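These notes are about the structure you will find just below.
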Amino acid sequence: MPWFVWLLTAAALGVAEFFTLTLAFGLLAGAALVTAVVAGVGIGLLGQLVALGVAAAAGLVLVRPVALRHMAQAPLIREGSDALVGRRAEVMQEVTATRGLIKVSGEEWSARALDESHVIPVGSQVDVMEIEGVTAVVYPRELLP
């Protein structure tokens, strides 16, 4: 019956992980599951404790840092209007600090100039610097460094 105790311990640690999201309790729950298997095979208490220690150490020392590094990375794929930032566009109507129209990725977007003193003429190439609601904030390509 010791395997059942380890299984309950794994479940309790899994619940703790659910509420804390630290990854530590989840890895300890995995170690408790490994120990439950070891206990189910019939290995004694000393072997169970060794299995628990090895599995917990492997999880916390090897797996957790790699998982945390992957979780900290920004997503590689931008979606929706965020995907337009950094793209080149063509001015369809003169762009000023308050209004204008551009064509980017085959779609027409309302636009305004990033620098309020710029007036960007029709046919100019611009870069989309950011999206504010449904308006693209643009900057002329010829002025970029």
Inset, instruction - Select one label from (1) 12, 45, 39, 5; (2) 12, 45, 35, 7, 0; (3) 12, 26, 12, 9, 12, 14, 11, 4, 0: the one whose number is P(r) over Cα pairs in 10 Å bins from 0, in percent as derived from the coordinates shown. - result: (3)
Legend entry - Which of 131, 77, 102 is most accessible, then next, and so on - probe 1.4 Å: 77, 131, 102
Legend entry - Residue-normalised accessible area of the chain, given per residue in Å² at a 1.4 Å probe: 64
Inset, instruction - Give a residue-ordered list of calculated ³J(HN,Hα) values for segment 58-63 (Karplus: 6.51 cos²θ - 1.76 cosθ + 1.60, θ = phi - 60°; whole Hz; x for Gly, Pro). - result: 4, x, 6, 8, 9, 7
Inset, instruction - Could you list the trypsin sites (Lys or Arg not before Pro) in segment 80-130 that lie in coil according to DSSP, counting only those with at most 16 other Cβ atoms within 10 Å of their Cβ? - result: 87, 99
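Please compute the net charge surrounding residue 63, taking Lys and Arg as +1 and Asp and Glu as -1 over other residues with Cβ under 15 Å from its Cβ.
My count for the surroundings of residue 63 gives +1.
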Legend entry - Calculated from backbone phi, Karplus (6.51, -1.76, 1.60) coupling profile of segment 22-37 in Hz, x at Gly/Pro: 9, 6, 6, 5, x, 5, 5, 5, x, 5, 5, 5, 4, 5, 4, 5
Legend entry - Under 5 Å, built H, 5+ apart or other chain: amide partners of residue 130: 137
Legend entry - Residue-wise HN-Hα coupling along segment 43-51, computed from phi with Karplus coefficients 6.51, -1.76, 1.60 (Hz; x: Gly, Pro): 6, x, 4, 4, x, 5, 5, 5, 4
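How much of the accessible area of the chain, in percent, comes from carbon and sulfur atoms when a 1.4 Å probe is used?
Carbon and sulfur together cover 66 percent of it.
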Inset, instruction - List the GluC sites (Glu not before Pro) within segment 51-145 that fall in a DSSP loop (any state other than H, G, I, E or B) and whose Cβ has at most 11 other Cβ atoms within 10 Å. - result: 79, 116
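If you rank 78, 141 by how much accessible surface each has, with a 1.4 Å probe, what is the order from largest down?
On the way: 78 130, 141 80 Å².
Reading off the accessible areas and sorting them downward yields 78, 141.
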Inset, instruction - Could you work out how far apart the two model spin labels at residue 90 and residue 115 are, taking each label as a point 7 Å from the Cα in the direction of the beta carbon, and quote it in nm? - result: 2.4
Inset, instruction - Taking H placed 1.01 Å from N in the peptide plane, check which residues at least 5 places from residue 97 or on another chain put their amide H under 5 Å from its amide H. - result: 113
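The values are calculated or read from the model by the stated rules, or taken from the named source; none is laboratory data. Bear in mind that the values here come from a model prediction, so they are computed numbers and not experimental data. Reconstructed Cβ throughout: ideal geometry from the backbone, glycine too, with neighbour counts over all protein chains shown. Please note that ligands, DNA and RNA were not included when accessible areas were found on the heavy atoms of the full protein model with its side chains. Shrake-Rupley method; radii C 1.70, N 1.55, O 1.52, S 1.80 Å.
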